[in-house]
Amino acid sequence: MSGYHHTTTTENLPTEHLNPVFTSENMAEVQVILKRYPEGKQKSAVLPILHIAQKQWGWLSSPVMDYVATMMDILPIEVYEVATFYTMFHTNPVGNYVLEVCRTGPCCLLGAEQVIDRIKERYNIHEGETSADGMFTIKPVECLAACGFAPVMQIREQYFEHLSVENIDALLDQLAATDPKTIGYVGNMPVDVK
Ligand code: FES
């Protein structure tokens, strides 16, 4: 689990993480979200705003989380505690695709562990690590509430269902050849890989 440690320094951060500012498009989206909550209750908006931040910067570094806290007028710890609790948020650098493969009982009974092992073997990586080409990070997670389609993997908001050691390589080849910006966002339907 060493790959999940929170990054606490700004050393070696990509320049876009230093002095981060939302794009005007994202800031407009943030303002719409903030208006949903009564004055003084803006902390409740931290989850959707962190999703926007992660979409813009790819992962949530300390400067990005500090910026979100300042922008929302809440304490940095109030952002950090949310970002480090939910597995969908990444507090370390990640690849273009974070492969969140379910490793809970029903998925394991149908081969999820073998799929995870195949991904690790293919890229010579451990849990939480990223392939040398910067394309894939493997991050096993708990039940994705799609047990009827097991084994299941999530990439951002999109599900990939009925994974197996027989079909995972072709799927990874396909993902590697696809623009990552087109995968995993709201509106993308689940993909049955069977
Ligand atoms: S056990 Fe994998 S989705 Fe529920």
Original post:
Filter the range 119-142 for residues that are farther than 20 Å from G58 by Cα and within 16 Å of the ligand (Cβ to nearest atom); which is nearest to the chain's Cα centre (by Cα)?
Top reply: E142
Original post:
Checking M88 against (1) buried (at least 18 other Cβ atoms within 10 Å of the Cβ); (2) under 15 Å from the mean Cα position of the chain (by Cα); (3) within 16 Å of the ligand (Cβ to nearest atom), which test does it fail?
Top reply: (1)
**OP:** Report, ordered by the first and then the second residue, all pairs with beta carbons closer than 8 Å, sequence separation of six or more or different chains, a first member in the range 138-157 that is outside the structural domain of P106 (by TED's automatic domain parsing), and a second member that is within 7 Å of the ligand (Cβ to nearest atom) and of a type in the set (A, V, I, L, M).
**Re:** none
**OP:** Those residues that are surrounded by 21 or more Cβ atoms within 10 Å (Cβ to Cβ), outside any loop (DSSP other than H, G, I, E, B) and touching an Asp or Glu at 6+ places or on another chain (Cβ under 6 Å), I need them from the range 150-166; list them, please.
**Re:** Q154
Subject >> Tally, over the range 95-118, of residues that are in contact with a helix residue (DSSP H, G or I) (Cβ under 9 Å, 6 or more places away or on another chain), of a type in the set (V, I, T) and surrounded by 22 or more Cβ atoms within 10 Å (Cβ to Cβ) >> reply: 2
**OP:** Say whether the condition of being within 14 Å of L171 (Cα to Cα) and surrounded by fewer than 17 Cβ atoms within 10 Å (Cβ to Cβ) is met by at least one residue in the range 131-146.
**Re:** yes
**OP:** Can you tell me which residue among I119, I183, I125 is β-branched (V, I, T) and either at pLDDT below 95 or touching an Asp or Glu at 6+ places or on another chain (Cβ under 6 Å) (or both)?
**Re:** I183
Original post:
Just checking, how many residues over the range 143-175 are more than 13 Å from the chain's Cα centre (by Cα) and at pLDDT below 95?
Top reply: 0
**OP:** Tell me which residues, restricted to the range 104-117, are over 17 Å from K194 (Cα atoms) and more than 12 Å from the ligand (Cβ to nearest atom).
**Re:** D117
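The values are calculated or read from the model by the stated rules, or taken from the named source; none is laboratory data. All values reported here derive from a predicted model rather than from experimental measurement. Cβ coordinates were reconstructed from backbone atoms using ideal geometry, including for glycine residues, and neighbour counts include every protein chain displayed.
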